[in-house]
């Protein structure tokens, strides 16, 4: 079950660096709110695939459900409930506001994962 897949890990590191750059330096209306959310589910997927030998579809669905959970916690104002509203780190990582468009971006990100994985197998 445990493994190390270098290619997935390299993609994970690359996506993490891109996400950090977006979080720290990009303050626009397209890349940060949408592209960042598409990439974050791909990042999480690649991280899991870096260390675990598990089928693609269950991992993709699990990552999507996790993203939905985080978005639901945003809806429930989890940052305020936990008293983390003054933490820029947690506000950035967890997020602060629910948006239906975020749900769509997560679905798009996982769709990209599934398409790429299926095309790799051919």
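The values are calculated or read from the model by the stated rules, or taken from the named source; none is laboratory data. Treat the numbers as computed from the prediction; the structure is a model and nothing was measured. Cβ placement follows ideal geometry from the backbone for every residue including glycine, while neighbour counts extend to all protein chains displayed.
Here are some notes:
- Complete set of residues in region 72-96 that are modelled with pLDDT under 90 and exposed (fewer than 11 other Cβ atoms within 10 Å of the Cβ): 88, 89
- Within region 7-66, considering residues that are touching a helix residue (DSSP H, G or I) at 6+ places or on another chain (Cβ under 9 Å) and part of a loop (DSSP other than H, G, I, E, B), the one nearest to residue 94 (Cα to Cα): 26
- Pairs where the first residue, in region 10-32, is without any contact (Cβ under 8 Å) to a residue 24 or more places away in the chain and the second is exposed (fewer than 12 other Cβ atoms within 10 Å of the Cβ) and part of a loop (DSSP other than H, G, I, E, B), C-beta under 9 Å, 6+ apart: none
- Residue, farthest from the chain's Cα centre (by Cα), within region 97-122, restricted to residues that are closer than 28 Å to residue 7 by Cα and loosely packed, with under 11 Cβ neighbours inside 10 Å: 122
- Taking the criterion of being exposed (fewer than 15 other Cβ atoms within 10 Å of the Cβ) and either touching a residue at least 40 places away in the same chain (Cβ under 8 Å) or at positive phi (or both), the residues of region 33-55 that qualify are 52, 53, 54.
- The residues in region 67-96 that are in a loop (DSSP other than H, G, I, E, B) and more than 16 Å from the chain's Cα centre (by Cα) can be counted, and the count is 8.
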